[in-house]
Amino acid sequence: MHFRRGILAGFRWGLAGLVGAAAGIAAFTFESGHSLSSNIAWWRLHAFPGLVVIPLFLFSAGVVTYTPTRHVGFAKNLAILFVTVLPLAAILGFLGMDQPRYKGNAEHPPMYLSEVLMFLLPLTAVSCLLILKRSVPSAKRDSPAGDSVLSSASATEPSEEP
């Protein structure tokens, strides 16, 4: 397993996700027809979770892609993480892990720690399972039975006799 390579690739992909999300939010903030102060207020409340969740997903997909010795494509890993983690995070939210936000004069942070953990815990669990699954040698590929099937197939071919 290549832990260093996986962590470095994860940081690169996470940084790319952070820069991409920030660029998209900045483009929306400065190009929309609303006032800059209302756009920044919207960004603070609604876009901040994207700046946290998108780099987390890309970091995990980078680690899952480059840590095992057996290489699987980045897009496939990102799709697997997306399809498995979002339902798990929704279940955690349904079970009450997220903080209620009350209307009124109460000041709320953009994201509570429990909301970050709603994505981080399933993401870490699924990433670890994918790395472990891809690190263990496949029984089909490495078994002696697989070699005997190949040798028996070549034994049935007619041999050339002089």
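Every number in this text was worked out from the coordinates using simple rules, so none of it is lab data. The structure displayed is predicted, hence computed values, not measured ones. Glycine also receives a Cβ, built like all others from the backbone with ideal geometry; neighbour counts cover every protein chain displayed.
Could you give me the ³J(HN,Hα) list for region 6-21, computed from phi with Karplus coefficients 6.51, -1.76, 1.60 and θ = phi - 60°, whole Hz, x at Gly and Pro?
Result, ordered by residue: x, 5, 5, 5, x, 5, 5, 5, x, 5, 4, x, 5, 5, x, 5 Hz.
Using the basic label-point model (7 angstrom from Cα toward the beta carbon), what is the Arg4 to Leu86 distance in nanometres?
So the two model labels end up 3.7 nm from each other.
Quick one: length gained pulling Phe48 to Glu107 fully straight, 0.36 nm per residue minus the C-alpha distance? Write out the running numbers ahead of the final one.
On the way: separation 59, 0.36 × 59 = 21.24 nm, distance 1.53 nm.
The span from Phe48 to Glu107 would gain 19.7 nm if fully extended.
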